[in-house]
Amino acid sequence: MIAGHDTVLITAVDPARMVQNFIEKWSARWPSMLIMVGDDSPSFTGWNDAVDLPPTEADVIFVRDKKMERFWHEKTYEYMDENEGPFGIFYEPCRVGKFSITMQSQPYNRSAGFGFLPYGAVAIGAGITLVTIVTPESEGPFFQEIIDGLMSSAQKSSAG
């Protein structure tokens, strides 16, 4: 059984570029990081080994080192004793024409004088990518660092 918690991001930025930016940034935290790209790749490789990410769809698994790789094969997405654990980033194009979402926070640049209540919206799927992050937990410092790193990488990707 695969453990872990999914968090989905919806984005219009180049997903391969966003994940590549994330890999470069995360390598400062995990200099011995290994990654596995796709189901066809049965093994992990060094992050700096010229890994070409597919442009529109990929499964990328991250482990800190060889010890965490062995742990991943046994426990998948669970914490090791250091409050870090393997995680995955999976991206693919949205394959539906539209889908319903609930706005949980203000998506517009409005002044603080306006109140906010969650409301329903419809997302149009053309041109967007769904990015699923699988982490040991859906909250906490490690989870937040991954999310913040991806958000920063997405902003860097959209800036060119």
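Bear in mind these aren't lab numbers, they're just calculated from the coordinates by the rules spelled out. None of the values given here were measured: they were computed from a predicted structure. All Cβ positions, glycine included, derive from the backbone under ideal geometry; neighbour counts span all protein chains shown.
Working note: Debye formula, equal point scatterers on the alpha-carbon atoms of region 50-145, no solvent; log10 I(q)/I(0) at q = 0.17 Å⁻¹ is -0.95. Summary of the geometry: region 113-160 and region 46-107, compared by the centres of their Cα atoms, lie 13 Å apart. Here, the chain has an Rg and a Dmax of 16.8, 54 Å when only alpha carbons are counted. The count of lysine pairs in the chain with alpha-carbon distances below 24 Å, taking only pairs 8 or more places apart or on different chains, stands at 5.
Less than 5 angstrom separates the built amide H of Gly85 from those of Met80, all sequence-distant by 5 or more or on a different chain. Summary value for region 19-133: 21 percent relative contact order, contacts being C-alpha pairs under 8 angstrom separated by 6+ residues. Using the Cβ-Cβ distance between Ser43 and Asn83 with R0 set to 25 Å, the FRET efficiency from 1/(1 + (r/R0)^6) comes to roughly 0.45.
Within region 89-160, the GluC sites (Glu not before Pro) that combine a DSSP coil assignment with at most 16 other C-beta atoms in a 10 angstrom radius are Glu137, Glu139. A viscosity of 1.002 mPa s and a temperature of 20 °C, combined with the Kirkwood radius over Cα pairs in Stokes-Einstein, give a translational diffusion coefficient for region 21-82 of 175 µm²/s. Each label was represented as a point 7 Å from its Cα along the Cα-to-Cβ direction; for Lys67 and Ser32 these points are 0.7 nm apart. By the beta-carbon count within 10 Å of each Cβ, the least crowded to most crowded order of Ile147, Ile61, fewest first, is Ile147, Ile61.
Taking region 62-160, which trypsin sites (Lys or Arg not before Pro) meet the DSSP loop condition and have no more than 11 other C-beta atoms within 10 Å?
Within region 62-160, the qualifying trypsin sites (Lys or Arg not before Pro) (loop, at most 11 other Cβ atoms within 10 Å) are Arg95, Arg110.
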